[in-house]
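Since every read-out is calculated from the coordinates, none of them should be taken as a lab result. The structure presented is a predicted model; accordingly, all values stated were derived computationally and were not measured. Cβ atoms come from the backbone with ideal geometry, glycine included; neighbour counts cover every protein chain shown.
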Amino acid sequence: MAPILKTEFGDAGPKWLGATGIREQTLWQQLSGSHTARYASLLAIWSSLTGDAAAREEALRSFALASYMNRGDGIVIFSICDQSVWFSDGYFDYVSHFVDGMAALPEMAPAGEDHLLGSTSVITGITYAAGNISYSAFDADGTETLRLTFTPATVTAGGKKLSVSDGTAPGYTFDPALNVLKIFRTGAKDVTVSGK
């Protein structure tokens with residue numbers, strides 16, 4: 001899908017410094033913030049699944065380009081050339097692609113804050129405290145990605161301590177360089193992450 005978006009709707013010239021801007025359609029040639037963010041999120045997800053460094057770099061640059069559609073007062077415009085506000089594109093579409101991007105590329109999330117970035121389930125409640133995060137999920141099986149300000153000492157799911165995993169079994173992985181925690185849980189809806 002991404003190659004078609006890039007060849008049919010994309011503008012990847014040198015003026016965008018490695019980013020690809022996506023137009024709404026072939027007849028409507030304006031670069032669209034929401035479509036560019038959607039393209040970037042697809043690249044981010046692809047990169048997270050395959051390790052494709054070029055896709056990662058293009059995703060980050062395309063997200064940066066899409067961010068120019070967000071004015072300083074929080075208003076999201078449709079395009080650099082069209083200052084009108086399309087609420088469906090600017091809020092229900094545009095923002096969600098950045099959230100998907102942060103789940104796929106957690107380094108996009110603020111480094112000095114704790115955030116649950118993504119889940120395969122609906123999160124029904126979450127509590128943040130210094131060195132501690134607790135949340136509940138709708139489904140008993142799931143995977144979550146968090147960016148932390150602390151190193152996890154204990155991760156529990158359903159009251160049972162999880163062990164370090166390779167990502168194929170229940171447990172968790174932690175990347176200390178990015179402070180990214182991935183939790184793989186089965187048969188448990190309630191999770192607590194505690195720091196040292």
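Taking the centroid of alpha carbons for each part, region 167-191 and region 105-139 are 12 Å apart. Sorting the segments 153-162, 53-62 by their residues' average number of neighbouring beta-carbon atoms within 10 angstrom, most packed first, yields 53-62, 153-162. Projecting each Cα onto the charge dipole of the chain (Lys/Arg +1, Asp/Glu -1 at the beta carbon, about the Cα centre), which of Ala188, Leu42, Gly142 comes out farthest on the positive side? Farthest along the dipole direction, towards plus: Ala188. In a reduced charge model with +1 at each Lys and Arg Cβ and -1 at each Asp and Glu Cβ, the chain shows a dipole moment near 400 debye about its Cα centre. Geometric descriptor of region 50-101, per residue, is 80 Å³ (volume of the convex hull of the Cα atoms). The angle between the Cα long axis of helix 53-66 and the longest principal axis of the Cα atoms of the chain comes to about 60 degrees, rounded to the nearest 10. To test your reading of the geometry: what angle, between 0 and 90 degrees and rounded to tens, separates the Cα axis of helix 94-104 from the longest principal axis of the chain? Value to nearest ten degrees: 50. Counting lysine pairs in the chain that sit 8 or more residues apart in sequence, or on different chains, and whose Cα atoms lie under 23 Å apart gives 8. Taking all C-alpha pairs of the chain, those more than 26 Å from each other amount to 40 percent.
Note on Tyr128 and Thr151: the model spin-label points, each 7 Å out from Cα along the C-beta direction, lie 2.3 nm apart. Placing a label point 7 Å from the Cα of Ser194 along the Cα-to-Cβ direction, the residues of region 116-131 with a backbone N closer than 15 Å are 129-131. With the cut-off at 21 Å, report for region 115-195 the share of all Cα pairs above it, as a whole percent. Pairs farther apart than 21 Å: 14 percent. Think of the chain as a dipole: +1 on every Lys or Arg Cβ, -1 on every Asp or Glu Cβ, centred on the Cα centre; then among Thr120, Gln30, Ser165, Ser165 lies furthest on the positive end.
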